[in-house]
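Encoded as C-alpha cells, the structure appears first; notes follow it.
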Amino acid sequence: MKKWKATVLLTIVLVITAILTVMSFAHFPVGTKDFNGFLGAIETEYDLSGGTAYTLTLDKDNLKDVENVDEVIDTLKYRLNLLGYENYSVKALKDVDDAVKDYDIRIELRGKLSDSNKVDKTALDSDIAVAAAFGELKFFGGTEKSPTEEILTKGDAVADASYGGAQSSGNTTYYIINIKFSDYGFNEIKKLMAGGTYYLRIDVGETSLTGTEGISIAASSFTKDYQLTTTAGESMARQFALQIKSGGLAYKYNVGDGVDVSSPLGANVAVKSVIAIAILVVAVIVAMFILDKKYGLIPCLSMILFIDLYLFLLIAIPGIRVAFGGVIGFALAVLLAADGFIITSKRIKEEFARGKTVKSALKAGFTRALAPVLGESAISIAGALILFALTHGAVKNFALLFAVGAAVSAITTLLFARMFTSLILPLADYKESFFGLKRAEDAPVSESEGE
C-alpha cells in the first residue's frame with residue numbers, strides 16, 4: 001500500500017475512532033436536551049447506581065402471625081425473578097423486641113423514582129404490588145357444584161403457570177391463565193374424579209378464579225395442561241398467574257410509597273467502577289508499549305475501538321443492564337483482549353526471528369494467532385453462557401457482559417489490530433525497529449522488503 005493511501009485511510013479511521021470516543025464519554029447540549037454519551041445511556045442495576053426501596057408492613061387483618069419470615073422472603077424473591085429482576089435486595093427489618101416475628105420487609109430494586117426519564121413509576125409500583133400480592137393457592141373439589149372440600153394439600157399441585165393472552169367473545173374480553181399441573185396434582189385429581197364428572201374450584205386468597213360453583217370437568221378430557229379464563233383484566237390475570245406459579249403468599253402486606261436509595265456498595269460506586277476500568281485499560285496500553293516499543297501504538301488504538309464497540313453493544317443489545325458482576329466481566333474482557341495482543345505479538349516475533357520479512361512476518365503472525373485467539377474467545381463465551389443459563393443475579397450479569405466482551409476482544413485482536421497494522425506498516429517504512437522485531441542468530445537473511 002502506498003504511503004499516501006495509507007495516510008488517508010488511517011486519518012479516516014482515526015477520525016471515526018475519535019468521534020466514537022467522544023460519543024461514548026462526552027456530555028454536550030443538543031438543542032433543548034443534553035447528549036450524555038454512550039456511557040450515560042447504559043442501564044445500570046441497583047447495586048451500582050441505587051434504586052427504589054419499598055417497605056412492606058404486615059396488615060392488621062391477618063388471622064395468624066408470621067411463623068417463618070424466610071419463607072415470605074423466598075416467595076418475594078421468586079416472584080421478582082419471574083418479573084425479570086436480577087439484582088435486588090429483600091430483607092426483614094428486625095424489631096427491637098426479639099419475640100416479635102411479624103417483621104416489616106424492605107425491597108430494594110433498580111430504578112430511582114426521581115429519574116423520571118428512565119423509570120416508569122407506575123410500572124415499578126405495579127411490579128411491587130404484584131410481588132407482594134396476598135393469597136394462598138387453594139384447591140377445592142367434589143362431585144357436586146360449589147365444592148367445599150379442600151384437596152391437593154400434601155404437595156405442590158402446580159408445576160407452572162403463565163398468562164396466555166386475551167380473547168373476545170361477543171362484547172366480553174376474557175384473559176387466559178395457563179396452568180400446568182404437577183404429576184402429584186394431576187394424578188390426585190384423576191383419582192378423585194373416579195371416572196365421572198368433577199367440580200374443581202381454584203382460589204387465590206379471597207378470590208375464586210373459577211367461581212364459587214367451580215368448573216365442571218369430565219375425567220376423559222382432563223389433562224395436565226389446563227386453561228382458566230377471567231374477566232378481571234390483563235394485569236390481574238398476570239398477577240393471578242404469578243401467584244399460582246409462586247405458590248401464594250400466606251400473609252397480607254401493605255406496600256408503602258417508594259423512596260430513592262443509594263447503592264448498597266457505597267457512594268459513587270458506578271463512577272468508581274468506570275475509573276477502575278479506565279485505569280486497567282491504561283495499564284494494558286502501557287504494558288504493550290513496554291513489551292513491544294512503538295508497536296504498542298497498534299494495541300493502543302485497537303483498545304480504544306474495543307471500548308467504543310463494547311459500550312455501544314451494551315446499549316444496542318436489548319435487556320442488558322450492568323451490575324457490579326458485569327463490571328468484573330468487563331474487566332476480564334479487557335484482559336482477554338490484552339492476552340490476544342500478546343499472542344499475536346509473540347507469533348509475529350517468532351516469524352520474523354525465523355527469517356521472514358517484516359511484512360511476511362506480520363501476515364504470518366496474525367494467521368497463526370487466529371486459532372488460539374478464536375479458541376480462547378470461544379471457550380470463554382461457552383463458559384459464560386453456561387453460567388448465564390445456570391445462575392442468577394450478579395453472577396448471571398457477569399456471565400452476560402463477559403460473553404459480549406469475549407466476542408469483542410476477538411474482533412479487536414483479529415480485525416482492529418490487523419487493520420491498524422496494515423495502515424501503519426507503510427508509514428513505518430517496513431522497519432523492524434518500529435515493530436520491535438529481532439532476528440535469531442541462526443536465522444537466514446531475508447531479501448529486503450520495499451513498499
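The values are calculated or read from the model by the stated rules, or taken from the named source; none is laboratory data. Nothing here was measured: the structure is a model prediction, and the numbers come from that model. Ideal geometry is used to build each Cβ from the backbone, glycine not excepted, and the neighbour counts take in all protein chains shown.
Which residues, taken from the stretch 409-435, are hydrophobic (A, V, I, L, M, F, W, C) and closer than 15 Å to C300 by Cα? Please lay out each step first, then the result.
Residues of the stretch 409-435 hydrophobic (A, V, I, L, M, F, W, C): 410-411, 414-417, 419-420, 423-425, 427-428, 434-435.
Across the stretch 409-435, the qualifying residues are I411, L414, L415, F416, A417, M419, F420, L423, I424, F434, F435.
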(request) Test each condition in (1) under 24 Å from Y85 (Cβ atoms); (2) of a type in the set (V, I, T); (3) in a strand (DSSP E or B) for T229 and report the one that comes out false. (result) (1)
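Go through F352, F402 for me and flag whichever is surrounded by 21 or more Cβ atoms within 10 Å (Cβ to Cβ) and farther than 20 Å from F324 by Cα. Before you say what the answer is, go through the steps one by one.
Details: F402 fails: farther than 20 Å from F324 by Cα.
Testing whether each residue is surrounded by 21 or more Cβ atoms within 10 Å (Cβ to Cβ) and farther than 20 Å from F324 by Cα leaves just F352.
Among the helices (runs of 4 or more DSSP H) confined wholly to the stretch 354-442, which include 3 or more residues that are under 30 Å from Y78 (Cα atoms)? Let's see the steps before the verdict.
Numbers: elements: 358-390, 393-411, 417-427.
Here the list reads 358-390, 393-411.
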(message) Take the residues in the stretch 53-70 that are touching a residue at least 24 places away in the same chain (Cβ under 8 Å) and outside any loop (DSSP other than H, G, I, E, B); name whichever of them is surrounded by the most Cβ atoms within 10 Å (Cβ to Cβ).
(response) L56
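Yes/no per residue for (1) without any contact (Cβ under 8 Å) to a residue 60 or more places away in the chain; (2) closer than 18 Å to G405 by Cα; (3) in contact with a Cys (Cβ under 9 Å, 6 or more places away or on another chain):
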{"position": "V271", "(1), (2), (3)": "yes, no, no"}
{"position": "A276", "(1), (2), (3)": "yes, yes, no"}
{"position": "D292", "(1), (2), (3)": "no, no, no"}
{"position": "A337", "(1), (2), (3)": "no, yes, no"}
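Which residues, taken from the stretch 113-143, are free of Cβ contacts under 8 Å to residues at least 40 places away in the same chain and either within 25 Å of T75 (Cβ to Cβ) or among the basic types (K, R) (or both)? Walk me through how you get there before you give the answer.
Of all residues in the stretch 113-143, those free of Cβ contacts under 8 Å to residues at least 40 places away in the same chain come to 115-117, 120, 122-123.
Scanning the stretch 113-143 gives D120, T122, A123.
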(message) Within the stretch 427-445, does at least one residue satisfy the condition of being within 43 Å of the chain's Cα centre (by Cα), over 30 Å from I320 (Cβ atoms) and at pLDDT 90 or above?
(response) no
(message) Can you find a residue that is closer than 24 Å to G155 by Cα, β-branched (V, I, T), in contact (Cβ under 8 Å) with a residue 40 or more places away in the chain and surrounded by fewer than 18 Cβ atoms within 10 Å (Cβ to Cβ) anywhere in the stretch 216-226?
(response) no
(message) Conditions first: (1) under 14 Å from the mean Cα position of the chain (by Cα); (2) in contact (Cβ under 8 Å) with a residue 60 or more places away in the chain. T391 passes all but one, so which condition is the exception?
(response) (2)
(message) So in the stretch 233-257, with the set limited to residues that are modelled with pLDDT under 85 and part of a loop (DSSP other than H, G, I, E, B), which one is farthest from N171 (Cα to Cα)?
(response) A250
(request) Quickly run through the stretch 196-210 and pick out the residues that are more than 36 Å from the chain's Cα centre (by Cα) and of a type in the set (A, V, I, L, M, F, W, C). (result) L200
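Considering only residues that are closer than 30 Å to L48 by Cβ and surrounded by 14 or more Cβ atoms within 10 Å (Cβ to Cβ), which ones fall in the stretch 277-297?
Filtering the stretch 277-297 for residues closer than 30 Å to L48 by Cβ gives 277-288.
Within the stretch 277-297, I277, L280, V281, V284, I285, A287, M288 qualify.
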(message) For a quick check of your reading of the model, give me the residue pairs whose first member lies in the stretch 144-162 and is within 15 Å of F181 (Cβ to Cβ), whose second is among the charged types (D, E, K, R), with beta-carbon atoms closer than 6 Å and at least 6 apart or on different chains.
(response) L152/E188; A159/K180; D160/K180; A161/K245
(message) Looking only at the stretch 184-215, filter to residues that are in a helix (DSSP H, G or I) and free of Cβ contacts under 8 Å to residues at least 12 places away in the same chain; which one of those is surrounded by the fewest Cβ atoms within 10 Å (Cβ to Cβ)?
(response) K191
(request) Residue by residue through the stretch 26-41, note down the ones that are within 14 Å of Y310 (Cα to Cα) and either surrounded by 17 or more Cβ atoms within 10 Å (Cβ to Cβ) or at pLDDT below 70 (or both). (result) G37, F38, L39
